[in-house]
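Asks: Mind looking over this structure? Questions follow.
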Amino acid sequence: MSQYLYLILDLGSLSIPLLYSIFEKKFHFIQYFKIAVISILLVAIPFLIWDGIFTQNGIWGFNSDYFIGTKIFKMPIEEWLFFICIPYACLFTHEVLKYYVPNFKLSKSVTVILSFLLIVLVLLLLIFNFGKWYTTLNFSIFLLLILYSVKNHIKTLQEYYPSFLVILIPFLIVNGILTGSFIDEPVVWYNNAENLGFRIFTIPFEDVFYTFTMLFSVQLIFNFLKKKQLERK
C-alpha cells in the first residue's frame, strides 16, 4: 500500500476540485479548463527542469518505497503529476474564493507593506545563505516575482495573499506527509547542506516560498489567459 502513497496524495488533491469543476453549474470552472491546463503546463515545464537538475545533483531525491516505480529522467511519475494536480487544486481554490467571497482580500497598503517585509526577510536570508543551492535559487526567483508583481500586479497580490493562507492548510498536510510527517521515512528527502536546515514540522522553510512562486506564477498566467478568453466572448 505504501508504494501508492505519493500517487494517492496527487490524485486525492486533484479529485474534489476536478469533480466540482465539472458538476457545479453556478461557478462552472470547467469553462476555464483549457486555459487552466495551459497555465499549469507553462509553469510546470521550468519547475520540472529545476526538479530534474536538483534530483540529478542530489539536492533532493525520492524514496522508492513510496512510489509505483515508473521514472522519467530519474523522477517518479508521481513527481510529474505533482506539478499538475497540486497547481490545479490551488488555482481552483483561489478562483472559488474570489467568486464566493469577493471581499476576501487585503488593502493595497497592507499588501505593499507585507510584500516589503517578505522582500527584506528573504533578501537577508539569501545574503547570509548564498551558495546553498535550494535557498539561493528559490529565494532569488521569489524576490524577482514579488518585485515584478508589486509593480505590475498589485491587485492580484491583494487577492492572492489571503488565498495562500488558506492553501497553506492542505499544503502543510500534503507536504508534511511527503517530507516525513506521520510516516516512517520521507517520500521526498532533502540534502540539508543545500538549504537553511530550518523546518516547519518536517517541511523545509524554503518550500513555502517555492510553493508560492509556483502557484502564483500559474495564477498570473491564468489571469492573463482568462482576460483574453472573456474579451473574445
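The values are calculated or read from the model by the stated rules, or taken from the named source; none is laboratory data. None of these values were measured; they are calculated from a predicted model. Using ideal geometry, Cβ is built from the backbone for each residue, glycine included, and neighbour counts are taken over all protein chains shown. Surface accessibility is based on the protein's heavy atoms, side chains included, excluding ligands, DNA and RNA. Shrake-Rupley method; radii C 1.70, N 1.55, O 1.52, S 1.80 Å.
Asks: Let's test the formula: R0 of 35 Å, r as the Cβ-Cβ distance of Val150 and Ser15. What FRET efficiency results, to the nearest 0.05? Show your work: numbers first, answer last.
Replies: Values: r = 35 Å, r/R0 = 1.01.
It comes out at approximately 0.50.
Asks: Another question, if that's okay. Starting from 0.36 nm per residue, how many nanometres of slack lie between Phe128 and Phe182 once their C-alpha separation is accounted for?
Replies: Numbers: separation 54, 0.36 × 54 = 19.44 nm, distance 3.24 nm.
Length gained, Phe128 through Phe182: 16.2 nm.
Asks: May I ask you to compute the full-extension gain from Asn57 to Leu230, defined as 0.36 nm times their residue separation minus their alpha-carbon distance, rounded to one decimal in nm?
Replies: Gain on extension, Asn57 to Leu230, equals 57.9 nm.
Asks: Would you give the gap between the C-alpha center of region 1-78 and the C-alpha center of region 163-233, rounded to a whole Å?
Replies: Their Cα centres are 12 Å away from one another.
Asks: Here's a follow-up. Using a 1.4 angstrom probe with every protein chain in place, what is the largest-first accessible-area order of Ile173, Ile203?
Replies: Sorted descending by solvent-accessible area, the residues read Ile173, Ile203.
Asks: Relative contact order for region 116-233 using alpha-carbon pairs under 8 Å, separation at least 6, rounded to a whole percent?
Replies: Relative contact order, region 116-233: 27 percent.
Asks: Something else about it: For the chain, what is the accessible area per residue in Å² when the probe is 1.4 Å?
Replies: Details: 11960 Å² over 233 residues.
Value returned for the chain: 51 Å² of accessible area per residue.
Asks: Sticking with this one: To the nearest 20 debye, what charge dipole does region 124-210 have about its Cα centre, counting +1 at the Cβ of each Lys and Arg and -1 at the Cβ of each Asp and Glu?
Replies: Numbers: 4 positive and 6 negative charges, 75 e Å.
Charge dipole, region 124-210, about its Cα centre: 360 debye, nearest 20.
Asks: While we're here: How would Ser15, Ser163 rank on accessible area, largest to smallest, probe 1.4 Å?
Replies: Numbers: Ser15 45, Ser163 0 Å².
Per-residue accessible area, sorted high to low, gives Ser15, Ser163.
Asks: Got a number for the accessible area of Thr211? Probe 1.4 Å, square angstrom, nearest 10.
Replies: Only protein atoms counted, so the area is about 20 Å².
Asks: Calculate what fraction, in whole %, of the accessible area of region 79-178 sits on carbon and sulfur atoms when a 1.4 Å probe is rolled over the protein chains.
Replies: With neighbouring chains kept in place, the figure for region 79-178 is 78 percent.
Asks: Please report the projected area of the chain's Cα convex hull averaged over all directions, in nm².
Replies: Numbers: hull surface 52.7 nm².
Orientation-averaged projected area of the Cα hull: 13.2 nm².
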